[in-house]
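Okay, so here's the structure we're looking at.
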Amino acid sequence: MIVKIYTKDLKPGMHIANPGLSGENNPHIFLAETDITSESQIIALHQKNYVEVFVDTEKGEYFQENRQEKLRLETPFTVVSTDNPYEVNTRSNFDDIGNIINEADQYYGELLEYVRTFTQRLFETRNINLEDSQEFTRSIISHAGSLGSALVFLSKLQKYDEYSYTHNLNVAMFSILFGQCIGLGQDNLMVLGLSGLFHDIGKILIPERILKKPHKLSAAEYAEVKRHPIHSRDILLKQKNIPQDVIRAVHEHHEHFAGGGYPQGLQYDQISRASSLISIVDTFDALTTDRCYSKAMHAHKALSIIFNLRASSFSPALVDRFVKFIGVYPVGSIVVLNNGKRAVVIEQNPDNLLLPKVRVVLDKNNRYCKPKDIDLMTAGTGSLPLSIVGCMSYQECRINIAEFVPQLKSPRQQAVNA
Ligand SMILES: [Fe+2]
Ligand SMILES: [Fe+2]
(Lines give C-alpha, C1' and ligand atoms only; values in the text may rest on other atoms or scores of the structure.)
(Ligands and ions follow the chains in the order given, each with its own letter.)
Protein backbone atom coordinates (compact mmCIF):
# COMPACT_ATOMS: atom_id res chain seq x y z
CA MET A 1 0.00 0.00 0.00
CA ILE A 2 1.26 3.47 -0.89
CA VAL A 3 0.74 5.96 1.94
CA LYS A 4 1.65 9.62 2.27
CA ILE A 5 3.57 10.67 5.38
CA TYR A 6 5.46 13.73 6.55
CA THR A 7 9.18 13.76 5.80
CA LYS A 8 9.80 14.22 9.52
CA ASP A 9 8.15 10.81 10.12
CA LEU A 10 10.45 8.95 7.72
CA LYS A 11 12.51 6.17 9.26
CA PRO A 12 15.53 4.27 7.95
CA GLY A 13 14.26 1.07 6.33
CA MET A 14 11.31 2.77 4.58
CA HIS A 15 10.96 2.76 0.79
CA ILE A 16 9.92 6.01 -0.91
CA ALA A 17 7.54 5.39 -3.83
CA ASN A 18 6.67 7.56 -6.81
CA PRO A 19 2.85 7.56 -7.15
CA GLY A 20 3.06 9.26 -10.56
CA LEU A 21 2.31 12.80 -9.39
CA SER A 22 3.81 15.80 -11.14
CA GLY A 23 6.72 17.40 -9.26
CA GLU A 24 5.73 20.79 -10.64
CA ASN A 25 2.29 20.67 -9.02
CA ASN A 26 3.62 19.12 -5.80
CA PRO A 27 6.90 20.87 -5.05
CA HIS A 28 6.72 20.03 -1.34
CA ILE A 29 6.55 16.25 -2.00
CA PHE A 30 9.76 14.27 -2.70
CA LEU A 31 8.76 12.01 -5.58
CA ALA A 32 11.89 10.06 -6.62
CA GLU A 33 11.71 6.33 -5.80
CA THR A 34 14.43 5.33 -3.34
CA ASP A 35 15.25 3.39 -0.16
CA ILE A 36 15.93 5.34 3.02
CA THR A 37 19.00 3.76 4.56
CA SER A 38 20.21 6.48 6.96
CA GLU A 39 19.13 9.44 9.09
CA SER A 40 21.34 11.72 6.99
CA GLN A 41 19.13 11.08 3.93
CA ILE A 42 16.10 12.22 5.95
CA ILE A 43 17.91 15.36 7.15
CA ALA A 44 18.90 16.15 3.54
CA LEU A 45 15.23 15.98 2.44
CA HIS A 46 14.29 18.37 5.27
CA GLN A 47 17.01 20.78 4.23
CA LYS A 48 15.64 20.78 0.68
CA ASN A 49 12.20 21.77 2.12
CA TYR A 50 10.39 18.57 1.18
CA VAL A 51 7.45 18.28 3.60
CA GLU A 52 5.88 14.99 2.48
CA VAL A 53 6.75 11.71 0.75
CA PHE A 54 4.84 8.60 -0.34
CA VAL A 55 6.12 5.35 1.17
CA ASP A 56 5.36 1.80 0.01
CA THR A 57 4.39 -0.27 3.05
CA GLU A 58 4.94 -3.50 1.08
CA LYS A 59 8.63 -2.69 0.64
CA GLY A 60 11.45 -1.93 3.02
CA GLU A 61 12.41 -3.51 6.33
CA TYR A 62 10.67 -0.90 8.49
CA PHE A 63 7.11 -1.96 7.62
CA GLN A 64 7.94 -5.68 7.63
CA GLU A 65 8.89 -5.30 11.28
CA ASN A 66 5.93 -3.07 12.18
CA ARG A 67 3.14 -4.67 10.15
CA GLN A 68 1.96 -7.09 12.83
CA GLU A 69 1.84 -4.38 15.49
CA LYS A 70 0.00 -2.02 13.12
CA LEU A 71 -2.63 -4.63 12.22
CA ARG A 72 -3.15 -5.45 15.89
CA LEU A 73 -3.91 -1.80 16.61
CA GLU A 74 -6.25 -1.39 13.63
CA THR A 75 -8.45 -4.41 14.27
CA PRO A 76 -10.40 -3.21 17.35
CA PHE A 77 -11.07 0.24 15.92
CA THR A 78 -14.84 0.60 15.43
CA VAL A 79 -16.96 3.67 15.02
CA VAL A 80 -20.44 2.76 16.17
CA SER A 81 -21.56 0.92 19.24
CA THR A 82 -24.96 0.05 17.74
CA ASP A 83 -25.69 -2.81 15.37
CA ASN A 84 -27.84 -0.72 13.03
CA PRO A 85 -27.13 -1.61 9.42
CA TYR A 86 -25.96 1.26 7.25
CA GLU A 87 -27.34 2.01 3.83
CA VAL A 88 -25.44 2.68 0.64
CA ASN A 89 -26.30 6.14 -0.68
CA THR A 90 -29.22 5.25 -2.95
CA ARG A 91 -32.57 6.63 -3.99
CA SER A 92 -35.33 4.35 -5.16
CA ASN A 93 -37.74 6.69 -6.95
CA PHE A 94 -35.90 8.66 -9.60
CA ASP A 95 -39.07 9.94 -11.21
CA ASP A 96 -39.02 12.68 -8.59
CA ILE A 97 -35.35 13.55 -8.66
CA GLY A 98 -35.79 16.77 -10.64
CA ASN A 99 -38.17 18.09 -7.98
CA ILE A 100 -35.97 16.80 -5.17
CA ILE A 101 -32.95 18.57 -6.60
CA ASN A 102 -34.82 21.84 -6.98
CA GLU A 103 -35.98 21.58 -3.37
CA ALA A 104 -32.48 20.66 -2.16
CA ASP A 105 -30.98 23.51 -4.20
CA GLN A 106 -33.17 26.04 -2.41
CA TYR A 107 -32.43 24.42 0.96
CA TYR A 108 -28.66 24.43 0.33
CA GLY A 109 -28.88 28.18 -0.42
CA GLU A 110 -30.65 28.74 2.91
CA LEU A 111 -28.01 26.75 4.80
CA LEU A 112 -25.25 28.70 3.08
CA GLU A 113 -26.87 31.99 4.08
CA TYR A 114 -26.86 30.79 7.69
CA VAL A 115 -23.13 29.92 7.50
CA ARG A 116 -22.35 33.33 5.94
CA THR A 117 -24.16 35.16 8.76
CA PHE A 118 -22.62 32.87 11.40
CA THR A 119 -19.08 33.48 10.10
CA GLN A 120 -19.50 37.24 9.69
CA ARG A 121 -20.90 37.53 13.23
CA LEU A 122 -18.06 35.44 14.59
CA PHE A 123 -15.53 37.62 12.77
CA GLU A 124 -17.00 40.82 14.16
CA THR A 125 -17.92 39.78 17.70
CA ARG A 126 -15.98 36.53 18.36
CA ASN A 127 -19.30 35.15 19.64
CA ILE A 128 -21.19 32.01 18.68
CA ASN A 129 -24.92 31.61 19.25
CA LEU A 130 -24.97 27.94 20.25
CA GLU A 131 -28.76 27.63 20.06
CA ASP A 132 -28.78 28.88 16.46
CA SER A 133 -25.99 26.45 15.55
CA GLN A 134 -27.90 23.58 17.19
CA GLU A 135 -31.00 24.57 15.22
CA PHE A 136 -28.95 24.60 11.99
CA THR A 137 -27.65 21.11 12.79
CA ARG A 138 -31.08 19.77 13.79
CA SER A 139 -32.48 21.06 10.51
CA ILE A 140 -29.87 19.17 8.44
CA ILE A 141 -30.49 16.01 10.47
CA SER A 142 -34.22 16.24 9.78
CA HIS A 143 -33.67 16.80 6.02
CA ALA A 144 -31.02 14.09 5.67
CA GLY A 145 -33.43 11.29 4.79
CA SER A 146 -35.39 13.15 2.10
CA LEU A 147 -32.71 15.36 0.53
CA GLY A 148 -29.42 13.64 1.48
CA SER A 149 -28.29 12.38 -1.94
CA ALA A 150 -29.40 15.56 -3.68
CA LEU A 151 -27.48 17.69 -1.14
CA VAL A 152 -24.30 15.66 -1.72
CA PHE A 153 -24.72 16.13 -5.47
CA LEU A 154 -25.50 19.87 -5.25
CA SER A 155 -22.65 20.62 -2.88
CA LYS A 156 -20.22 19.60 -5.63
CA LEU A 157 -21.70 21.73 -8.42
CA GLN A 158 -19.33 24.61 -7.58
CA LYS A 159 -22.15 27.11 -7.94
CA TYR A 160 -20.79 29.31 -5.17
CA ASP A 161 -17.35 30.89 -5.16
CA GLU A 162 -17.03 31.20 -1.38
CA TYR A 163 -14.79 28.36 -0.26
CA SER A 164 -14.67 29.16 3.43
CA TYR A 165 -18.49 29.24 3.72
CA THR A 166 -19.28 26.31 1.45
CA HIS A 167 -16.48 24.23 3.02
CA ASN A 168 -17.77 24.67 6.56
CA LEU A 169 -21.32 23.96 5.41
CA ASN A 170 -20.26 20.89 3.40
CA VAL A 171 -18.18 19.44 6.24
CA ALA A 172 -21.10 19.87 8.67
CA MET A 173 -23.58 18.43 6.17
CA PHE A 174 -21.43 15.51 4.92
CA SER A 175 -20.50 14.58 8.51
CA ILE A 176 -24.17 14.36 9.48
CA LEU A 177 -25.14 12.42 6.34
CA PHE A 178 -22.18 10.04 6.68
CA GLY A 179 -22.84 9.62 10.41
CA GLN A 180 -26.47 8.82 9.72
CA CYS A 181 -25.44 6.37 7.01
CA ILE A 182 -23.33 4.37 9.48
CA GLY A 183 -26.10 4.24 12.04
CA LEU A 184 -25.20 6.99 14.50
CA GLY A 185 -28.02 8.45 16.59
CA GLN A 186 -29.20 12.02 17.14
CA ASP A 187 -26.72 12.95 19.89
CA ASN A 188 -23.73 11.82 17.81
CA LEU A 189 -25.08 13.59 14.73
CA MET A 190 -25.40 16.81 16.74
CA VAL A 191 -21.74 16.52 17.81
CA LEU A 192 -20.70 15.85 14.20
CA GLY A 193 -22.77 18.72 12.78
CA LEU A 194 -21.53 21.29 15.30
CA SER A 195 -17.93 20.06 14.96
CA GLY A 196 -18.13 20.29 11.17
CA LEU A 197 -19.54 23.82 11.34
CA PHE A 198 -16.90 24.96 13.86
CA HIS A 199 -13.87 22.95 12.73
CA ASP A 200 -12.04 25.74 10.87
CA ILE A 201 -13.31 28.82 12.75
CA GLY A 202 -9.74 29.43 13.98
CA LYS A 203 -8.84 30.46 10.42
CA ILE A 204 -10.44 33.86 11.10
CA LEU A 205 -7.25 34.60 13.07
CA ILE A 206 -4.95 33.73 10.15
CA PRO A 207 -4.18 36.49 7.61
CA GLU A 208 -6.02 36.14 4.29
CA ARG A 209 -2.79 36.68 2.38
CA ILE A 210 -1.63 33.31 3.79
CA LEU A 211 -4.96 31.46 3.43
CA LYS A 212 -5.40 32.62 -0.16
CA LYS A 213 -1.78 32.42 -1.26
CA PRO A 214 -1.78 30.64 -4.63
CA HIS A 215 1.83 29.41 -4.28
CA LYS A 216 3.77 27.19 -1.88
CA LEU A 217 3.70 28.46 1.70
CA SER A 218 6.94 29.29 3.47
CA ALA A 219 7.78 27.19 6.53
CA ALA A 220 6.68 30.07 8.80
CA GLU A 221 3.39 30.50 6.92
CA TYR A 222 2.69 26.76 7.05
CA ALA A 223 3.38 26.78 10.80
CA GLU A 224 0.85 29.62 11.14
CA VAL A 225 -1.81 27.69 9.21
CA LYS A 226 -1.20 24.62 11.37
CA ARG A 227 -2.19 26.64 14.44
CA HIS A 228 -5.83 26.94 13.28
CA PRO A 229 -7.14 23.90 15.25
CA ILE A 230 -5.70 25.50 18.40
CA HIS A 231 -7.32 28.84 17.53
CA SER A 232 -10.63 27.03 16.86
CA ARG A 233 -10.45 25.31 20.24
CA ASP A 234 -9.59 28.56 22.05
CA ILE A 235 -12.50 30.42 20.45
CA LEU A 236 -14.86 27.62 21.52
CA LEU A 237 -13.48 27.59 25.06
CA LYS A 238 -14.45 31.26 25.40
CA GLN A 239 -18.12 30.48 24.58
CA LYS A 240 -20.67 29.16 27.05
CA ASN A 241 -21.90 25.56 27.04
CA ILE A 242 -20.10 24.22 23.95
CA PRO A 243 -20.03 20.42 24.49
CA GLN A 244 -16.60 19.01 25.34
CA ASP A 245 -16.96 16.38 22.59
CA VAL A 246 -17.30 19.16 20.04
CA ILE A 247 -14.30 21.10 21.35
CA ARG A 248 -12.20 17.93 21.24
CA ALA A 249 -13.32 16.97 17.72
CA VAL A 250 -12.47 20.46 16.45
CA HIS A 251 -9.07 20.48 18.14
CA GLU A 252 -8.15 17.05 16.72
CA HIS A 253 -9.46 17.28 13.14
CA HIS A 254 -5.93 17.36 11.64
CA GLU A 255 -4.57 14.46 13.69
CA HIS A 256 -3.61 11.37 11.67
CA PHE A 257 -4.70 7.81 12.42
CA ALA A 258 -1.15 6.42 12.67
CA GLY A 259 0.38 9.62 14.05
CA GLY A 260 2.18 12.51 12.39
CA GLY A 261 -0.75 14.91 12.34
CA TYR A 262 -1.09 18.21 14.19
CA PRO A 263 -1.29 19.93 16.63
CA GLN A 264 -0.70 17.13 19.17
CA GLY A 265 0.62 14.22 17.08
CA LEU A 266 -1.99 11.83 18.54
CA GLN A 267 -2.57 8.38 17.07
CA TYR A 268 -5.06 5.50 16.94
CA ASP A 269 -7.65 5.58 19.73
CA GLN A 270 -6.10 8.68 21.32
CA ILE A 271 -8.04 10.52 18.58
CA SER A 272 -11.76 11.07 19.16
CA ARG A 273 -14.09 9.16 16.85
CA ALA A 274 -15.86 12.35 15.81
CA SER A 275 -12.59 13.89 14.62
CA SER A 276 -11.61 10.67 12.79
CA LEU A 277 -14.83 10.97 10.82
CA ILE A 278 -14.61 14.72 10.27
CA SER A 279 -11.01 14.51 9.02
CA ILE A 280 -12.12 12.20 6.15
CA VAL A 281 -15.04 14.43 5.20
CA ASP A 282 -12.84 17.54 5.50
CA THR A 283 -10.24 16.09 3.10
CA PHE A 284 -12.87 14.88 0.63
CA ASP A 285 -14.53 18.29 0.45
CA ALA A 286 -11.20 20.12 0.12
CA LEU A 287 -10.02 17.84 -2.71
CA THR A 288 -13.28 18.09 -4.65
CA THR A 289 -13.58 21.90 -4.46
CA ASP A 290 -11.77 24.58 -6.47
CA ARG A 291 -9.32 26.45 -4.23
CA CYS A 292 -6.91 29.31 -4.89
CA TYR A 293 -3.98 26.89 -5.27
CA SER A 294 -5.60 23.81 -6.84
CA LYS A 295 -8.46 22.78 -9.09
CA ALA A 296 -11.26 20.52 -7.88
CA MET A 297 -10.75 16.78 -8.41
CA HIS A 298 -13.41 14.36 -9.56
CA ALA A 299 -14.95 12.54 -6.61
CA HIS A 300 -13.60 9.13 -7.67
CA LYS A 301 -10.03 10.50 -7.79
CA ALA A 302 -10.42 12.10 -4.36
CA LEU A 303 -11.78 8.81 -3.00
CA SER A 304 -8.78 6.92 -4.37
CA ILE A 305 -6.40 9.35 -2.64
CA ILE A 306 -8.30 8.97 0.64
CA PHE A 307 -8.29 5.20 0.15
CA ASN A 308 -4.50 5.24 -0.28
CA LEU A 309 -4.19 7.18 2.97
CA ARG A 310 -6.21 4.64 4.94
CA ALA A 311 -4.21 3.29 7.86
CA SER A 312 -1.79 6.23 7.74
CA SER A 313 -3.92 9.38 7.87
CA PHE A 314 -7.38 7.88 8.28
CA SER A 315 -9.09 5.04 10.10
CA PRO A 316 -9.30 2.15 7.58
CA ALA A 317 -12.69 1.03 8.92
CA LEU A 318 -14.14 4.49 8.43
CA VAL A 319 -12.60 4.96 4.97
CA ASP A 320 -14.21 1.72 3.77
CA ARG A 321 -17.57 3.00 4.96
CA PHE A 322 -17.01 6.44 3.48
CA VAL A 323 -16.35 4.97 0.02
CA LYS A 324 -19.62 3.05 0.28
CA PHE A 325 -21.43 6.18 1.48
CA ILE A 326 -20.26 8.40 -1.39
CA GLY A 327 -20.19 5.61 -3.98
CA VAL A 328 -17.20 5.40 -6.28
CA TYR A 329 -19.18 7.44 -8.81
CA PRO A 330 -21.52 9.55 -6.69
CA VAL A 331 -25.10 10.17 -7.78
CA GLY A 332 -25.02 13.16 -10.14
CA SER A 333 -21.52 12.41 -11.53
CA ILE A 334 -21.07 12.70 -15.29
CA VAL A 335 -19.34 9.55 -16.50
CA VAL A 336 -17.91 8.61 -19.88
CA LEU A 337 -18.88 5.14 -21.11
CA ASN A 338 -16.68 2.91 -23.23
CA ASN A 339 -18.97 3.61 -26.23
CA GLY A 340 -18.07 7.32 -25.91
CA LYS A 341 -21.47 8.46 -24.63
CA ARG A 342 -21.79 10.61 -21.51
CA ALA A 343 -24.21 9.65 -18.76
CA VAL A 344 -25.37 10.87 -15.36
CA VAL A 345 -25.14 8.46 -12.42
CA ILE A 346 -28.67 8.14 -11.06
CA GLU A 347 -28.38 5.26 -8.61
CA GLN A 348 -25.67 3.14 -6.98
CA ASN A 349 -25.56 -0.63 -7.32
CA PRO A 350 -24.66 -1.69 -3.76
CA ASP A 351 -23.17 -4.95 -5.07
CA ASN A 352 -20.81 -3.22 -7.48
CA LEU A 353 -19.99 0.43 -6.90
CA LEU A 354 -18.08 0.50 -10.21
CA LEU A 355 -21.22 -0.28 -12.23
CA PRO A 356 -24.02 2.10 -11.17
CA LYS A 357 -27.30 2.82 -12.92
CA VAL A 358 -26.87 5.71 -15.32
CA ARG A 359 -28.91 7.91 -17.62
CA VAL A 360 -27.26 8.56 -20.98
CA VAL A 361 -27.81 12.26 -21.80
CA LEU A 362 -25.05 13.25 -24.26
CA ASP A 363 -23.48 11.63 -27.29
CA LYS A 364 -19.71 11.46 -27.69
CA ASN A 365 -19.69 14.97 -29.17
CA ASN A 366 -21.40 16.41 -26.07
CA ARG A 367 -24.72 16.84 -27.89
CA TYR A 368 -27.90 16.08 -25.98
CA CYS A 369 -29.47 12.80 -27.04
CA LYS A 370 -32.73 11.09 -26.10
CA PRO A 371 -32.29 10.16 -22.40
CA LYS A 372 -31.92 6.43 -21.85
CA ASP A 373 -31.58 4.62 -18.50
CA ILE A 374 -29.03 1.82 -18.31
CA ASP A 375 -28.10 -0.51 -15.46
CA LEU A 376 -24.39 -1.11 -16.08
CA MET A 377 -24.56 -4.31 -14.00
CA THR A 378 -26.75 -5.97 -16.62
CA ALA A 379 -26.19 -3.92 -19.79
CA GLY A 380 -24.09 -4.93 -22.75
CA THR A 381 -23.65 -8.57 -21.86
CA GLY A 382 -22.49 -9.32 -25.43
CA SER A 383 -18.99 -8.87 -26.74
CA LEU A 384 -18.66 -5.33 -25.35
CA PRO A 385 -20.02 -4.97 -21.81
CA LEU A 386 -20.69 -1.31 -21.04
CA SER A 387 -18.41 0.21 -18.45
CA ILE A 388 -17.20 3.55 -17.18
CA VAL A 389 -13.88 4.75 -18.57
CA GLY A 390 -13.75 8.28 -17.15
CA CYS A 391 -15.45 11.21 -15.54
CA MET A 392 -16.19 14.73 -16.73
CA SER A 393 -17.05 17.93 -14.92
CA TYR A 394 -20.23 19.85 -15.62
CA GLN A 395 -18.05 22.59 -17.07
CA GLU A 396 -16.37 20.15 -19.48
CA CYS A 397 -19.79 18.94 -20.63
CA ARG A 398 -21.05 22.52 -20.78
CA ILE A 399 -24.02 21.42 -18.68
CA ASN A 400 -25.51 23.92 -16.30
CA ILE A 401 -28.00 23.10 -13.62
CA ALA A 402 -30.91 24.74 -15.46
CA GLU A 403 -30.42 22.43 -18.45
CA PHE A 404 -29.31 19.49 -16.41
CA VAL A 405 -32.13 19.01 -13.92
CA PRO A 406 -34.84 18.33 -16.53
CA GLN A 407 -32.55 15.69 -18.03
CA LEU A 408 -32.69 13.81 -14.75
CA LYS A 409 -36.41 13.21 -15.15
CA SER A 410 -37.16 9.77 -16.47
CA PRO A 411 -38.10 9.26 -20.13
CA ARG A 412 -41.51 8.03 -18.93
CA GLN A 413 -42.13 11.25 -17.00
CA GLN A 414 -40.96 13.36 -19.93
CA ALA A 415 -43.41 11.52 -22.17
CA VAL A 416 -46.21 12.17 -19.64
CA ASN A 417 -45.26 15.86 -19.47
CA ALA A 418 -45.02 16.23 -23.26
FE1 LIG B 1 -8.79 22.46 9.28
FE1 LIG C 1 -11.44 22.15 6.86
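The values are calculated or read from the model by the stated rules, or taken from the named source; none is laboratory data. Nothing here was measured: the structure is a model prediction, and the numbers come from that model. Every residue, glycine as well, gets a Cβ built from its backbone with ideal geometry; the counts of neighbours run over all protein chains shown.
Worth pointing out:
- Failed criterion for Ile271 (all others in (1) under 20 Å from the mean Cα position of the chain (by Cα); (2) modelled with pLDDT of 95 or more; (3) farther than 21 Å from Thr166 by Cα hold): (2)
- Scanning segment 236-268 for residues that are of a type outside the set (Lys, Arg), more than 16 Å from ligand 1 (Cβ to nearest atom) and farther than 23 Å from Phe54 by Cβ, we see that the one that is surrounded by the fewest Cβ atoms within 10 Å (Cβ to Cβ) is Asn241.
- Of all the residues in segment 123-152, those that are touching a Pro at 6+ places or on another chain (Cβ under 9 Å) and of a type in the set (S, T, N, Q) number 1.
- Residues that are more than 16 Å from ligand 2 (Cβ to nearest atom) and acidic (Asp, Glu), drawn from segment 252-299: Asp269
- Candidates Ser275, Ser333, Ser315, Ser279 - the one that is touching a residue at least 24 places away in the same chain (Cβ under 8 Å), closer than 16 Å to Gly179 by Cβ and away from ligand 1 (no atom under 16 Å from the Cβ): Ser315
- Looking only at segment 170-198, residues that are within 15 Å of ligand 1 (Cβ to nearest atom) and closer than 14 Å to Phe284 by Cβ come to 6 in all.
- Given (1) touching an Asp or Glu at 6+ places or on another chain (Cβ under 7 Å); (2) modelled with pLDDT of 85 or more, index of the condition Leu154 fails: (2)
- Within segment 1-32, the only residue that satisfies the criterion of being acidic (Asp, Glu) and either on the phi > 0 side of the Ramachandran plot or surrounded by 15 or more Cβ atoms within 10 Å (Cβ to Cβ) (or both) is Asp9.
- Filtering segment 212-230 to residues that are within 16 Å of ligand 2 (Cβ to nearest atom), part of a helix (DSSP H, G or I) and either over 28 Å from Arg273 (Cα atoms) or touching a residue at least 60 places away in the same chain (Cβ under 8 Å) (or both) leaves only Tyr222.
- Residues of segment 199-235 that turn out to be crowded, with 18+ Cβ neighbours inside 10 Å and either away from ligand 1 (no atom under 14 Å from the Cβ) or among the hydroxyl-bearing types (Ser, Thr, Tyr) (or both), as a count: 1
- Residue match in segment 131-147 (condition: within 26 Å of Lys226 (Cα to Cα), at pLDDT 85 or above and within 14 Å of ligand 2 (Cβ to nearest atom)): no
- Residue within segment 170-182 that is away from ligand 2 (no atom under 16 Å from the Cβ), part of a loop (DSSP other than H, G, I, E, B) and of a type in the set (S, T, N, Q) present: no
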